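The values are calculated or read from the model by the stated rules, or taken from the named source; none is laboratory data. Nothing here was measured: the structure is a model prediction, and the numbers come from that model. These area figures cover heavy atoms from the full protein model, side chains too; ligands, DNA and RNA do not enter into them. Shrake-Rupley method; radii C 1.70, N 1.55, O 1.52, S 1.80 Å.
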Amino acid sequence: MTQQQYALSPDHDAHIASAIGKFFRRIIPMLALMLIVNQIDRANIGFVKAELQTDAGISAAAFGLGAGLFFIGYALFEVPSNMMLKKLGARVWLTRIMITWGMVVVLTGFVSTPLHFYLLRFLLGVAEAGFFPGVLFYFRQWVPNAWRGRATAMVLSATASAFLFSGPLTGAILMMHDVGGIAGWKWVMFMEGGGSIVIGLLAAFVLVSKPEGAKWLSDAEKQALAQQLALEDDAREEHAVTHGRWGLITDRSLLSYCLIFFTMTMTGYTLVFWLPQIIQRIQGFNSFETGLLTAVPWLFAIVALFLLGKATDRYRDKLDRGLGIAMLIAACGTFMATLGTPWFGFVAMIVACIGSKVSAAFFWPMPQSELPASIAAPGIALINSIGNLGGFFAPTVFGYLEMHTGSTTGGLYALTSVSVVTGLYLLLRRKPVPPAFGHTERNHVRQSSH
């Protein structure tokens, strides 16, 4: 359909800007909070590893297997979860995800054998499956193309912010050891899991699945937003390859997105594993100060995300080039971290964290904007599902190379080289030029940049 067929009002652009402004103020803060809690609950098991080994008899090998089983459950149920979100709506499904993962975290406080640990880590992956891609698909139902880059940058900043809170929060709860005769690691699971349940219940009263259900939008804003989103869906379908839904999911461009994100995830987990080791080599800091130092690279990454959020909307036709540059920056940072003094390595890791997080800001608007509406939900979920298997693959490579070389440097170089290859591929490949912005979308890009 054309814009004329949709009979756009003279104030169409102004209504879009007003509606998106309200969405950003009312919905984005709740999504950001949910993502922060999500990252804290996913990572808290690493802070209680020693206590689990003592109290539940979980060896290092068993702990590693349990950590990997999380990603298996996550990957298996990612696509079905996002298809359920499309059917039931974000308000129902995102809150369901959060409440059930909170319940699994609480149950983890009762782990007493390795088998219990394996089962609950797998179930945590199942419960959490579809959350992040669900948020991205939620944007497809609310946010036009010209604003989606900034929205994505906001929620990615939230995931980076989790690194600022997880250490101090979990450390403080661990200090409750033996309060009420309960071990500190159990308090971590009970309190952080319980917090997720409470926030999930609160989110049910805040989230609105689609614009037509938002009481805080005027009728004119609802109509303008619905028309703009329908126009963009029609444009995507017009340029889509005409074969079945599951055939589209195996399309070469979608598989390319899966492989690129897989590489990005491996790079991200390289940072997670390597950054603490770099900082621990710096002398003169106690454990609390070391924890604060660990947060510094992520602070720089958050600032970079905010600065580049608008750019991803303004230069949407150059996102793949920006992604290639960002991945090369991340790779250079991780490589340089192996050289020189610990302080030089720390500065290099700041560069790597910026490159890694900015890569995600350049990446996610591409499939969000380009996938046809008919496969958007399962397509985004498939990308995230396959990509997150990098979280299983990266530690496996690290462990294997460390066992055979006695150092993590070999694993670092191996994973970094994959990022270099992917970054160069993105910079050198010949990609078809996307359709030019329409008049309405150009207006939205200008407004979203103010």
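With a ≥ b ≥ c taken as the square roots of the eigenvalues of the C-alpha gyration tensor of the range 98-257, please select rounded if a/c is under 1.5 and otherwise prolate if a/b is larger than b/c or oblate if it is not? In terms of gyration-tensor shape, prolate. In this structure the range 2-94 gives 44 Å² per residue of accessible area when probed at 1.4 Å with all protein chains present. Taking the 1.4 Å solvent-accessible surface of the range 73-130 as the whole, the part contributed by carbon and sulfur is 80%. Accessible surface area normalised per residue over the range 114-223 is 36 Å², counting heavy atoms of protein chains with a 1.4 Å rolling probe.
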